[in-house]
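Chemist: Pasting a structure here, questions to come.
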Amino acid sequence: MANVESAKQRLEQAVNRLETAVGSLSGGDSGKVAALEKDRARLQAELAALQTKHDDLASRFTESQDAQAALEKVIDKVSERLDTTIGRLKAVLDS
């Protein structure tokens, strides 16, 4: 998740630089506009990649939560069976 946060911060910084550059444009400087359009396209591609990665991580997280819930059920069943077995052993030893 740290990589996603780091990428988001880089993206925000790049967008801020882009906004600053757009604000400082004077007249119709086509060179700056072309550079900004190139930056914008790159940022859109980076955003799409981050969204895909986020979706993948969210899916994997959900799968992990499901697996954990299943394991907790197994642990509960094993714990109950052990308690029953211990109870039986105590009864045998006490008689």
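Chemist: Going residue by residue through region 48-62, is there one that turns out to be surrounded by 10 or more Cβ atoms within 10 Å (Cβ to Cβ), outside any helix (DSSP H, G or I) and touching a Lys or Arg at 6+ places or on another chain (Cβ under 9 Å)?
Modeler: So far as region 48-62 goes, no, none of its residues is surrounded by 10 or more Cβ atoms within 10 Å (Cβ to Cβ), outside any helix (DSSP H, G or I) and touching a Lys or Arg at 6+ places or on another chain (Cβ under 9 Å).
Chemist: Can I ask one more? Pairs, please: C-beta under 8 Å, at least 6 apart or cross-chain, first residue more than 15 Å from Ala2 (Cα to Cα) and in region 47-66, second surrounded by 10 or more Cβ atoms within 10 Å (Cβ to Cβ)?
Modeler: Matching pairs, first to second residue: Leu47/Leu11.
Chemist: Then there is this: Consider only pairs whose beta carbons are under 6 Å apart and that are at least six residues apart or on different chains; among these, list those whose first residue lies in region 67-95 and is free of Cβ contacts under 8 Å to residues at least 12 places away in the same chain and whose second residue is of a type in the set (Asp, Glu).
Modeler: none
Chemist: I would also like to ask the following. Scanning for something surrounded by fewer than 10 Cβ atoms within 10 Å (Cβ to Cβ) and touching a Leu at 6+ places or on another chain (Cβ under 8 Å), does region 14-24 turn up at least one residue?
Modeler: no
Each value in this text was obtained by applying a stated rule to the coordinates, not by laboratory testing. From a predicted model like this one, the values you see are computed outputs, not experimental measurements. Here Cβ is always computed from backbone atoms with ideal geometry, including for glycine, and neighbour counts include all displayed protein chains.
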